[in-house]
Every structure is written in C-alpha cells, then in structure tokens.
Amino acid sequence: MVDEYLQSMDEDFKKVVSAFEKELTSVRTGRATPQLLDSVHVHIAAYGASMPINQLASISAPDPRMLVVNPWDKSTIPDIEKGIMGSGLGLNPSNDGQIVRVPIPALTGERRQDLVRAVKKMAEDARVRARAVRREHNDLFRDFEKDKEISEDELTRVLKRVQDGTDGCISRIDEIANAKEKEVLEV
C-alpha cells in the first residue's frame with residue numbers, strides 16, 4: 001500500500017517538472033522556436049471563439065531569427081497577427097496575404113535580465129509545487145502511522161524517501177532553470 005503512494009508521489013514530482021519545462025517554452029531566448037508561440041491564443045471573429053495558434057496554422061522556424069506561421073484558413077491571417085501582437089511577447093508580425101512572418105528581434109541586455117528574473121520566478125513556483133507534493137504525502141503517511149497502518153520505523157523510512165524525492169525534484173528544477181538562464185543570457 002505504501003509503495004503505491006510512493007509511486008504516486010514520484011508521478012506527481014514528474015508532473016511538476018514537466019509542467020515547469022512546458023512553462024519555460026514561453027520564455028524567449030533570442031532564437032526562433034515554434035514553441036515560442038504555444039501560449040498565443042487567437043480570437044477568431046468568424047468562429048466566435050478563441051483558439052490556440054497551433055490549431056489554426058503550422059508554425060516553422062526557417063532560420064534563427066524568423067518564425068513563419070502558415071494558416072490553414074487564409075481569412076484568419078489578420079486575427080493571427082492581432083493574437084501575436086497582443087500576446088505580450090513583444091513580436092511584430094507581418095503578412096504577405098499567404099503567410100505570417102514573425103521576425104524575432106535580438107534581445108537587449110535589460111530584456112535578458114527581465115527574462116532571467118521571470119525564469120527564476122517560474123522556478124520558485126515549481127519548487128513551491130514540489131514542496132506541496134511533499135507536504136501532502138508527509139501528512140498522508142503520518143495519518144497512516146496515527147491509524148496504526150504503518151509502524152513508527154516505517155514512517156521514518158517513508159518520510160526520508162519523501163524528502164529524497166523532493167530533493168531530487170527540486171535539483172532537477174534548478175538544473176533546468178540554470179540551463180534556461182544560460183540560454184537567455186547567451187548572445
């Protein structure tokens with residue numbers, strides 16, 4: 001029974017790390033990647049709905065300073081442009097009637113520092129989520145001990161295992177954050 005909860009805890013830690021990695025894809029590094037536009041939602045007046053851009057078009061990066069958005073429905077081009085401009089990414093798209101080109105401007109030193117601060121905040125939020133998983137499982141195992149489902153020695157062993165899992169998760173988050181910070185500061 002305890003092993004099932006420990007496996008569940010490991011899955012929760014993996015989810016925290018993968019959510020953090022996914023969140024980091026929205027941080028611009030000065031290099032064009034299609035994932036940069038994953039957070040962009042486009043309001044399509046004709047459909048009366050807001051949709052993720054990747055459901056409206058294919059996105060490619062033909063070179064390190066340019067993204068090309070090729071909409072499946074050419075009538076959505078103005079809406080896609082508005083969505084990209086309103087996304088807060090600081091990008092200015094242009095179109096030729098067939099595709100939308102999104103030039104990726106070089107990052108200034110000040111903007112790089114802002115992005116590093118944003119990465120640090122995201123990392124701290126992920127660490128908080130990891131500690132919440134730890135707290136949840138510690139409480140669960142302490143309740144088991146209180147209800148005499150596990151012994152005191154077993155509780156000690158399990159709490160150490162929970163702490164080791166938390167430490168591993170947090171160190172993985174720190175590794176990913178440090179790599180992203182280096183990528184952002186790379187000129």
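Taking the residues in the range 140-186 that are of a type in the set (V, I, T) and free of Cβ contacts under 8 Å to residues at least 60 places away in the same chain as candidates, determine which candidate is surrounded by the most Cβ atoms within 10 Å (Cβ to Cβ).
I170
Inside the range 66-105, can you point out the residues that are basic (K, R) and either in contact with a strand residue (DSSP E or B) (Cβ under 6 Å, 6 or more places away or on another chain) or surrounded by 17 or more Cβ atoms within 10 Å (Cβ to Cβ) (or both)?
Within the range 66-105, R101 is the sole residue that qualifies.
Based on this model, can you work out whether V42 counts as within 30 Å of V128 (Cβ to Cβ) and either buried (at least 16 other Cβ atoms within 10 Å of the Cβ) or not assigned by TED's automatic domain parsing to the domain that holds R117 (or both)?
The answer is no for V42.
The values are calculated or read from the model by the stated rules, or taken from the named source; none is laboratory data. This one's a predicted model, so the numbers in the text were calculated from it and none came from an experiment. Reconstructed Cβ throughout: ideal geometry from the backbone, glycine too, with neighbour counts over all protein chains shown.
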